[in-house]
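Read the structure below first, then the notes.
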Amino acid sequence: MDFEFSEEQLAFAEEVEHFLDEHDDPEVFDLTRENMAQVVDTSPRRKFMAELGRMSWLGMTWPVEY
């Protein structure tokens, strides 16, 4: 059994890491908040979540046609 990640999976992991580095903002990722809960809403956090949705990294996980 092959447990290595595929080239596609490695590329996706790199894309996610790059995206998170670009959005490294304490208004979005404030580690002082309890469990980083989304109870405290900020404009940068809303923009970040909207960007995740635009990239289809947030939301329903079944195919679009359904």
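Tell me, which residue of the stretch 2-31 that is of a type in the set (A, V, I, L, M, F, W, C) and modelled with pLDDT under 90 is most open to solvent (accessible area, probe 1.4 Å)?
L31
Does the stretch 32-54 contain at least one residue that is part of a helix (DSSP H, G or I), modelled with pLDDT under 85 and open to solvent by 100 Å² or more (accessible area, probe 1.4 Å)? Scanning the stretch 32-54 turns up at least one residue that is part of a helix (DSSP H, G or I), modelled with pLDDT under 85 and open to solvent by 100 Å² or more (accessible area, probe 1.4 Å).
The values are calculated or read from the model by the stated rules, or taken from the named source; none is laboratory data. Values in this document were obtained by computation on a predicted structure and should not be read as measured data. Ligands, DNA and RNA are stripped out before the accessible areas are found, and what is left, the full protein with its side chains, is counted by its heavy atoms. Shrake-Rupley method; radii C 1.70, N 1.55, O 1.52, S 1.80 Å.
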